[in-house]
Amino acid sequence: MKITKHILVLIGLITMALSTAVYSAPEKKKSTKNSKPPAAQTLEGAEVKATQNGDKITISWTLPKDQWRMITLSRNDQEKPKGRVKVNVVNPNKRKDYVDTVPDASKSYWYWLKATRTNGDPVEIGPISVTK
């Protein structure tokens, strides 16, 4: 019985170590006046797309198998995070997409997803450009 308990504890520790090693945040670059916005951050096995139909934008995602607690969606009419607004928070275990109504259908929009694991570790993906 004690051996089984020790094995389960060991498996738990290994799982925690592996899950924290899977993602490490990219190093921040020093910005310059003429620098382009950063490229979309990726999470291996994740796929995110945004498509527009009139004033409705559907953001859909597939995340790698993991324990996800929530996804926070935000948007901006510029391809940079400064000035973006939170759109919604959804449960990724119940939804794989979200339809956003934008204030001006003639503008271009970019989206960011902050996927939070059940252990509280966030992974931010974006900017995601919208396909019209």
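Here are a few things to note about the model shown:
- Spin-label model, V99 to E47: label points 7 Å out along the Cα-to-beta-carbon direction sit 2.2 nm apart.
- The length gained on full extension between K56 and K86, counted as 0.36 nm times the residue separation minus their Cα-Cα distance, comes to 9.2 nm.
- Radius, Kirkwood style, for the range 38-132 when every pair of distinct Cα atoms is counted (Å): 13.4 Å
- Ranked packing of 121-129, 107-115, 94-102, most packed first, by mean Cβ within 10 Å: 107-115, 121-129, 94-102
Every number here is computed from the coordinates shown, using simple stated rules; none is lab data. Computed from a predicted structure; not experimentally measured. Reconstructed Cβ throughout: ideal geometry from the backbone, glycine too, with neighbour counts over all protein chains shown.
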